Every structure is written in structure tokens, then in C-alpha cells.
Amino acid sequence: MAVNPGVIGKTYPRAQYAVGREKIREYALAVGETNPLHLDASAAREAGHADVVAPPMFAVVYSLPVILTVLFDPEVGIDFPRLVHGGQEFEWGPLVVAGDEITTTVSVADVSERAGNGFYVFASESVNGQGETVCSGRWSNIVRAAA
Amino acid sequence: MQPGDEITPLAVTPDRYLTVRYAGASGDFNPIHIDEEFARQVGLPGRILHGLYTMAQVARAQTDAGGGPESLKRLSVQFRGMGLPERELVVTGTVTAVADGVATVECGCEQGAKRIIRNAEAELRLPDG
């Protein structure tokens, strides 16, 4: 397959995500969280938080809309049936709580080809309303060579 | 936490409809996770777990060990092999270093004999760090 290294450095319009209490609860229940900080607003307030706290991996929820834009960008040219998620890294800053507005930007960090496989790395950065980086991510995807 | 310590293993068996709930919760509706027929058509054994769901289980083992969500500073994983619903996932990890109030944990996730997340590394902020 042919990759397009010309897209390295491309950035995408920032996306805003309003973090809701019930969305955090829905996510927390889906991944099996039992910590009341994620599920019970009064428990979260007693622990000093404004509302329920997002589990760290909730970063997927507020980042994914922009990541999907990149994955579907014709200029990036990903062949979906051959796409596999190769690796993922997140680094977290201050906690995200219900009521936060998170703004995420994504860029293409790297594109390369080895043995017919395409390797794509996308970088995301999410900031809260105070301008603090709550999460930065590196999303590594592999488009397998045609059989 | 000291180097050599093992974190408490986390075991979970995603039920048959977990991938549907996770798709709704996360926004990742790739049909390989929710449509049995589609998954088979593209050469998979059936619907597979979302890698990021499995990573969330690795994250949960860390925040349980670290004492809460604020403890997880960084997590990096490599996805290998496919996770399947209705089979137990087991997350394990070993502390490899402690410095400047941060513990480094090498971890992974197995399903049966398959190591579906490997070369995973977490950094945990320690209390009083």
C-alpha cells in the first residue's frame, strides 16, 4: 500500500466536548468502574470535587470525535478493513469532572511504511477551561498490507 | 510501593453485550466490535473487544493500586492479538522503579494463553510524592 507522508504535521480543527455527569456514569459502568468518585456526585463532592470525576480513560470519549475525523480524512487515506489499533499512550494532568468543557486538537505525528504495512501516529492534546492540559495522547494505527 | 512489588491482579469477564455498551459509551461504533456477521466477513473469529476497553481494564488495575483516578500519570500499551467477549481478562503488573514520587509499573493483559496487551507501562503518582 502507498502511504502519504505529506500529511505529517497536518492539524485538524479543534473540537469542544462538554463533559456530562450521566456520560461519565455511562462510561464508568461500561468499563466496570466501582469507585464512587465516578458514579456518585455526593461522594465526589465529599472528596472535594465539583461533580463526578471522569476515569482517566474517559479521555477516549472527549478525544475520539477528532480522531475519527483524522481516520476518515481522504488525504490520510486509511483503508478501513485493514486498520488495526497498534498502540496507545496517554499522559494525564488535572482530573476532568462533569461540567468541564474540554477542547481537543489532533495532528498527524508520523506516517511511514514497512514491509507493505502503513504506520500512522496521531497526537492529541486536550485542555480544560482553565487552559490546563488534562490529557495528551499518541494513537498508533497500523494498516495491514493487502494479503 | 517498592520495586518488585506486584499490583493486585484485576480479573473481569466482559459479558456478551459488553461491546455494545462500550461502543455507546465511547462513541466507537466500528462494526467489528458489535456485528457478528460483519466481523466474520472481514476474517475475524467474531466480534472482538475494543482495544481501548481492554486498556481501560489495565488503567483500572493501576488506579485501584494507586488509590484513585488522580494517581494515574501515564499509561502506554501495545495491542497484540484480539480480545473476545465472554472470556476472562486478567491484568497483572510489577513495580519496576520508584523515583521522585512516581512508581513505574510494567503491566499487561492476558486472555487465556494470549497476551493481548503487552509492553504496557504505567506511571503512578504516589501519595506524599
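A short reminder: the numbers here are calculations on the coordinates, not readings from a lab. Quick caveat: nothing in here was measured; it's all calculated off a predicted structure. Using ideal geometry, Cβ is built from the backbone for each residue, glycine included, and neighbour counts are taken over all protein chains shown.
Please compute one quarter of the surface area of the Cα convex hull for chain A and express it in square nanometres.
If I average the Cα hull's projected area over directions, I get 9.3 nm².
Pairwise over distinct Cα atoms, reciprocal of the mean inverse distance: report the Kirkwood radius of chain B in Å, one decimal place.
This gives a value of 15.3 Å.
What are the aspartates and glutamates whose alpha-carbon lies under 17 Å from the alpha-carbon of B:LYS73, with same-chain residues fewer than 8 places away excluded?
A:GLU89, A:GLU91, A:GLU125, A:GLU132, B:ASP64, B:ASP100, B:GLU106, B:GLU121, B:GLU123, B:ASP128
Per the Debye formula with a single identical scatterer at each Cα and no solvent contribution, what log10 I(q)/I(0) holds for segment A:61-114 at q = 0.25, 0.27, 0.31 Å⁻¹?
-1.28, -1.41, -1.62
Is any residue of segment B:109-129 close enough, with backbone N under 19 Å, to a label point placed 7 angstrom from the Cα of B:VAL102 along the Cα-Cβ axis, and if so, which?
So the set is B:119-129.
Binning at 5 angstrom from zero up to the longest distance, how are the C-alpha pair distances of the protein assembly as shown distributed in percent?
1, 6, 12, 16, 19, 18, 14, 9, 4, 1, 0, 0
Using the beta-carbon distance between A:GLU46 and A:GLU26 and R0 = 25 Å, what value does 1/(1 + (r/R0)^6) give for FRET efficiency, to the nearest 0.05?
With R0 = 25 Å, the Cβ-Cβ based efficiency is 0.65.
May I ask you to derive the FRET efficiency for B:ARG115 and B:THR94 from their Cβ-Cβ distance with R0 = 25 Å, giving the value to the nearest 0.05?
0.95
Could you work out how far apart the two model spin labels at A:GLN16 and A:ASP73 are, taking each label as a point 7 Å from the Cα in the direction of the beta carbon, and quote it in nm?
Each label point is offset 7 Å from its Cα along the Cβ direction, giving 2.2 nm.
Once you have the alpha carbon radius of gyration of segment A:1-54, what is it after dividing by 2.2 N^0.38 Å, with N set to its residue count?
Segment A:1-54 yields a ratio of 1.81.
How shielded is A:90-99 by partner chains, expressed as the average number of their Cβ atoms within 10 Å of its Cβ atoms?
3
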